[in-house]
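The values are calculated or read from the model by the stated rules, or taken from the named source; none is laboratory data. All figures in this text were calculated on a predicted structure; none of them were measured in a lab. Reconstructed Cβ throughout: ideal geometry from the backbone, glycine too, with neighbour counts over all protein chains shown.
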Amino acid sequence: MNKEVKYSCPSNIALVKYWGKKESGTQLPANPSISWTLNDLRATTRMVVSPVVNGESPTVKFYLANIEKPSFLPKIETFLKRVTPELGWISEHHFEIYSENNFPHGAGIASSAAGFGALASCLVALDGQWEESDPVFWEKASKFARLGSGSACRSVYNEPGLWGEFEEVLESTDDFAIPYSGSIHPNLQGWKDAVLIIEDGEKSVSSTAGHALLKEHAYAEARYKQAHKSLSALLSSFKTGDVQQFIEIVESEALQLHAMMMSSIPYYVLMKPNTLEAIEKIWKHRNETLIPMCFTLDAGANVHLLYDGSYHEQIQNFINTELLPYCQNGLYLCSDTGGKPTKL
Ligand code: 2P0
């Protein structure tokens, strides 16, 4: 086939964290996780495929913001190889992939979830076996995204993406994320995320390397158990609207993630002094105003400030007056939660 397709896909932020992979299989999580997609932080990807002819070897070209980036090829080629057993046509085609993010490159925001979510959506659409209206389309997109980057599998649903076998949700699986279908109390709907860019640029230890350190980690088993408990309590807070409980789990999960990094061998610290300064300010402001808000962290120094969207103006004011000094170049990015891949 000679075809092209274009999708944009949101990034996501985990509420209960994926940290550690199963020993067997490819990119299977050691514990279940759940996240909100970030509708306003997206990767847009155009994929062009053309058939291999006359015994040519298939080629892949990747462009980020219209600049060819051979350094991205190893990860993308591995991803395509892993999907090929399901989509055999991949090995008989050349690929040209044009991707861009709507957030500043090098802002320290993980772009791999949005990027692989968009790539996976393009592959499922090009394949043509399923319509977007068929849930299998999104199961496949999620599964393929996972094969590129684990957390990317949670980027394909409007609803919170739940990934990994979890005893309380029968349909849950390690293979792909599913949309959380339980009720969500109005108290926990319409939340937003302000990503405080504490430090841009590459982090010192990649997430893939970080996951691998769990294999020999003294606390790994305890952490995996705790993730199940966190998820159970988080889903209960979704149902009851207990914001206090929600905040406690989300903040504890962020700190547990970083505690695992700090207690790996070799140990490492991705938080910066300004990460802690911002967290202290968030706690102080919450105590003073009682606005429903909390922080979470990804595998980096940036602080995600999650808050009830009905307090948007107050939070903007708070960020602008109290948190900007801790942001590199005064940069922060705001997003609604929810949103899914869109065909363009
Ligand atoms: C998460 N993170 O749940 C956790 C918490 C970052 C912090 O999954 O090796 O890029 O591609 O599966 O998904 C980041 O790791 O790692 C991550 P791979 P990934 O979002």
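For segment 148-188, give me each residue that is in a helix (DSSP H, G or I) and within 13 Å of the ligand (Cβ to nearest atom).
Gly148, Gly150, Ser151, Ala152, Cys153, Arg154, Ser155 - these are the residues of segment 148-188 that are in a helix (DSSP H, G or I) and within 13 Å of the ligand (Cβ to nearest atom).
Would you pick out the residues in segment 61-77 that are surrounded by fewer than 17 Cβ atoms within 10 Å (Cβ to Cβ) and of a type outside the set (Asp, Glu)?
Across segment 61-77, the qualifying residues are Lys61, Tyr63, Ala65, Asn66, Ile67, Lys69, Pro70, Ser71, Phe72, Leu73, Pro74, Lys75.
Kindly indicate whether any position in segment 288-299 is in contact with a helix residue (DSSP H, G or I) (Cβ under 6 Å, 6 or more places away or on another chain) and at positive phi.
Checked segment 288-299: no residue is in contact with a helix residue (DSSP H, G or I) (Cβ under 6 Å, 6 or more places away or on another chain) and at positive phi.
Scan segment 258-274 residue by residue and report those that are in contact with a Gly (Cβ under 9 Å, 6 or more places away or on another chain) and in a helix (DSSP H, G or I).
Once the filter is applied, which keeps residues that are in contact with a Gly (Cβ under 9 Å, 6 or more places away or on another chain) and in a helix (DSSP H, G or I), segment 258-274 yields Met260, Met261.
Go through Ala141, Ala145, Ala110, Ala120 for me and flag whichever is in the same structural domain as Ile178 (by TED's automatic domain parsing), within 16 Å of the ligand (Cβ to nearest atom), in contact with a Gly (Cβ under 8 Å, 6 or more places away or on another chain) and modelled with pLDDT under 95.
None of the others qualify; the one that does is Ala110.
May I ask you to say which residue of Ala43, Ala30 is away from the ligand (no atom under 12 Å from the Cβ), closer than 26 Å to Glu202 by Cβ and surrounded by 14 or more Cβ atoms within 10 Å (Cβ to Cβ)?
None of the others qualify; the one that does is Ala43.
Quick one: count up the residues across segment 192-209 that are surrounded by fewer than 20 Cβ atoms within 10 Å (Cβ to Cβ) and in contact with a Phe, Trp or Tyr (Cβ under 7 Å, 6 or more places away or on another chain).
So the answer is 2.
Could you list, in sequence order, the residues of segment 5-27 that are over 11 Å from the mean Cα position of the chain (by Cα) and either without any contact (Cβ under 8 Å) to a residue 60 or more places away in the chain or under 21 Å from Val205 (Cβ atoms) (or both)?
Answer for segment 5-27, where residues must be over 11 Å from the mean Cα position of the chain (by Cα) and either without any contact (Cβ under 8 Å) to a residue 60 or more places away in the chain or under 21 Å from Val205 (Cβ atoms) (or both): Trp19, Gly20, Lys21, Lys22, Glu23, Ser24, Gln27.
Could you say whether any residue in segment 265-282 is more than 13 Å from the ligand (Cβ to nearest atom), crowded, with 17+ Cβ neighbours inside 10 Å, modelled with pLDDT of 95 or more and polar (S, T, N, Q)?
Yes, some residue in segment 265-282 is more than 13 Å from the ligand (Cβ to nearest atom), crowded, with 17+ Cβ neighbours inside 10 Å, modelled with pLDDT of 95 or more and polar (S, T, N, Q).
Take the residues in segment 51-77 that are within 21 Å of the chain's Cα centre (by Cα) and in contact (Cβ under 8 Å) with a residue 40 or more places away in the chain, then tell me which one is nearest to Lys140 (Cα to Cα).
Only one residue tops the list, namely Ile76.
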